[in-house]
Amino acid sequence: MHPPLRVFVADDSQIIRGLIADLLLASDDLELVGEAADGVEAITRAQEVRPEVVVLDLQMPRMSGLQALRALQVRLPETKVVILTNHGDAVYRRTCMDAGATHFLDKSLDLDGIGDVLRQVARARA
């Protein structure tokens with residue numbers, strides 16, 4: 001059995017961060033290791049805690065999620081990034097995947113499925 005997947009959540013919405021934190025706390029195989037409310041804080045704190053996966057909102061203050069994704073790819077290349085956004089159209093999806101995102105989730109459709117996506121990432125590391 002593997003240790004829990006270390007997950008970091010970056011979203012400017014306290015509600016979204018709270019929902020994801022609750023989901024992670026209820027799971028034996030997923031561990032919340034940190035949170036951030038903007039892109040700059042996400043990069044700084046993720047470098048400190050070195051998560052296996054970052055759940056990253058696209059639209060955040062101080063630095064967009066896309067800019068943060070690109071910075072994380074350089075600073076933490078082994079960390080997987082799951083994009084979580086209200087903008088689920090194909091252009092955003094393609095841009096994020098081309099920039100190195102592992103998965104792309106639409107908040108309005110997929111929030112309930114985030115645990116399953118994180119487990120897929122965990123299986124991929126095995």
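The values are calculated or read from the model by the stated rules, or taken from the named source; none is laboratory data. Small disclaimer: the values here were computed from a predicted structure and weren't measured. Positions of Cβ are generated from backbone atoms using ideal geometry, with glycine treated the same way; all protein chains shown enter the neighbour counts.
Tabulated results
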{"read-out": "Boolean, ILE83 is within 23 Å of GLN47 (Cα to Cα), under 10 Å from the mean Cα position of the chain (by Cα), surrounded by 15 or more Cβ atoms within 10 Å (Cβ to Cβ) and modelled with pLDDT under 85", "value": "no"}
{"read-out": "Qualifying residues in the stretch 42-66 (those that are part of a helix (DSSP H, G or I) and not small (Gly, Ala, Ser)) - the one nearest to PHE104 (Cα to Cα)", "value": "LEU66"}
{"read-out": "Among the candidates SER27, SER64, residue that is surrounded by fewer than 17 Cβ atoms within 10 Å (Cβ to Cβ), over 12 Å from the mean Cα position of the chain (by Cα), within 13 Å of VAL7 (Cα to Cα) and among the polar types (S, T, N, Q)", "value": "SER27"}
{"read-out": "For LEU69: the one exception among (1) in a helix (DSSP H, G or I); (2) farther than 12 Å from ASP11 by Cα; (3) in contact with a Phe, Trp or Tyr (Cβ under 9 Å, 6 or more places away or on another chain)", "value": "(3)"}
{"read-out": "Number of the condition not met by VAL74 [criteria: (1) among the aliphatic types (A, V, I, L, M); (2) surrounded by 15 or more Cβ atoms within 10 Å (Cβ to Cβ); (3) more than 19 Å from LEU19 (Cα to Cα); (4) free of Cβ contacts under 8 Å to residues at least 40 places away in the same chain]", "value": "(2)"}
{"read-out": "Candidates LEU25, LEU118, LEU30 - the one that is at pLDDT below 95 and in contact with a Gly (Cβ under 8 Å, 6 or more places away or on another chain)", "value": "LEU30"}
{"read-out": "Residue identified as at positive phi, modelled with pLDDT of 90 or more and out of contact with any Lys or Arg (no Cβ under 7 Å at 6 or more places or on another chain) among ARG17, ARG70, ARG75, ARG50", "value": "ARG50"}
